[in-house]
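The values are calculated or read from the model by the stated rules, or taken from the named source; none is laboratory data. Not measured: the values here are computed from a predicted model. Note: ideal-geometry Cβ built from the backbone for every residue, glycine included; neighbour counts use all protein chains shown. For accessibility, only protein heavy atoms count, side chains too; no ligands or nucleic acids. Shrake-Rupley method; radii C 1.70, N 1.55, O 1.52, S 1.80 Å.
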Amino acid sequence: TYTESFVAPTAEVLVVDDHSMNLFVMESLLKATKVKVTTCESGEECLEYMSQHCYDIVLLDHMMPKMDGIETLKCINERNLKKEAIIIALTANAISGAREMYLSNGFDDYLSKPIEIKQLEQLLLKYIPSNKVSVTKADERMDDFMTHEEKNDTNTCDYIDREVGLKYCANSEEIYHEILQV
């Protein structure tokens with residue numbers, strides 16, 4: 001079972017994505033780390049938030065309408081809004097050479113979708129200032145939201161792969177059920 005590897009209650013992350021589901025998933029994945037998460041749905045909103053507040057990390061979606069992530073990053077740099085923030089591209093573009101393309105456009109790093117919690121945590125641990133991070137020891141937690149019958153039941157729908165769904169929800173039944181409801 002998943003257990004967060006760190007907590008960082010004073011770290012601040014801005015997540016920019018035009019899909020509310022992606023914002024919900026990111027907030028849910030980061031909940032256990034206690035990172036302060038702010039979300040917005042466009043490049044324009046991102047610029048507004050960054051002009052008013054400093055963030056440790058900005059997770060910036062590439063493919064957004066009107067102003068995409070690359071254009072948003074150019075505006076951030078032109079307006080000197082980056083300050084100390086690390087800007088990471090969020091993308092479903094996981095093809096060969098994608099990382100180099102994002103780095104050459106000025107991003108500090110990139111993360112491909114769908115987000116895997118371990119990769120997300122490793123990236124955050126790499127960039128959140130160390131004085132804001134407390135590493136947690138892996139303890140066993142019993143997050144059991146299913147009855148015995150549900151555990152032994154096979155998928156009732158051929159078009160939903162429960163195991164893959166759980167994998168992308170940090171193996172959290174709670175997050176998985178909330179996403180299915182949405």
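Given the chain, what percent of its DSSP beta bridges are antiparallel, to the nearest 5?
10
Output the 0 to 90 degree angle, nearest 10, between the alpha-carbon long axis of helix 117-127 and the longest principal axis computed from the alpha carbons of the chain.
That helix lies at roughly 30 degrees to the long axis.
Return one number: the angle in degrees, 0 to 90 and rounded to the nearest 10, between the long axis of the Cα atoms of helix 43-52 and the longest principal axis of the Cα atoms of the chain.
70
Give me the lysines in straight-line cross-link reach of residue 126: C-alpha distance below 16 Å, same-chain residues under 8 apart excluded.
118
May I have the extent of the alpha carbons of the chain along their three principal axes, as whole Å values ordered from largest to smallest?
57, 37, 30
Residues of the chain: accessible area per residue at 1.4 Å, in Å²? It would help to have the intermediate numbers written out before the result.
Numbers: 10430 Å² over 182 residues.
Dividing the accessible area of the chain by its residue count gives 57 Å².
Over the chain, what percent of the accessible surface lies on carbon and sulfur atoms, probe 1.4 Å?
Answer for the chain: carbon and sulfur cover 50 percent of the accessible area.
Counting other Cβ atoms within 10 Å of each Cβ, which trypsin sites (Lys or Arg not before Pro) in the range 1-87 have at most 14 and sit in a DSSP loop? Intermediate results must be reported in sequence, preceding the final value.
Working: sites: 31, 34, 36, 66, 74, 79, 82, 83; in loops: 34, 66, 79, 82, 83.
Answer by residue number: 66, 79, 83.
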